Amino acid sequence: MSKKTQLKKVRLGKKIKQGRRTPTLAVVRTHRRVQQNLFQRNWRRTKMRISGE
């Protein structure tokens with residue numbers, strides 16, 4: 001197993017946070033202007049391209 005650098009850990013954490021679902025309350029409050037998360041990805045199909053290894 002390879003060791004992750006601190007920079008890579010931060011980037012992975014950021015991508016995890018970006019990939020979360022849009023809260024239902026946000027959809028309701030904005031009258032569906034915010035419907036989906038544009039950063040969302042399927043971890044099985046779409047791989048992340050993270051540089052700085």
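The values are calculated or read from the model by the stated rules, or taken from the named source; none is laboratory data. Here the structure is a predicted model, which means the values were calculated and not measured. Positions of Cβ are generated from backbone atoms using ideal geometry, with glycine treated the same way; all protein chains shown enter the neighbour counts. Please note that ligands, DNA and RNA were not included when accessible areas were found on the heavy atoms of the full protein model with its side chains. Shrake-Rupley method; radii C 1.70, N 1.55, O 1.52, S 1.80 Å.
State the number of residues belonging to the range 25-53 that are outside any loop (DSSP other than H, G, I, E, B) and open to solvent by less than 100 Å² (accessible area, probe 1.4 Å).
Here the count works out to 3.
Please go through the range 13-24 and pick out each residue that is surrounded by 10 or more Cβ atoms within 10 Å (Cβ to Cβ), outside any loop (DSSP other than H, G, I, E, B) and free of Cβ contacts under 8 Å to residues at least 12 places away in the same chain.
Within the range 13-24, Gly13, Lys14, Ile16 meet the criteria.
Looking at the range 1-12, which of its residues are surrounded by 11 or more Cβ atoms within 10 Å (Cβ to Cβ) and not basic (Lys, Arg)?
Residues satisfying the conditions are Thr5, Leu7, Val10, Leu12.
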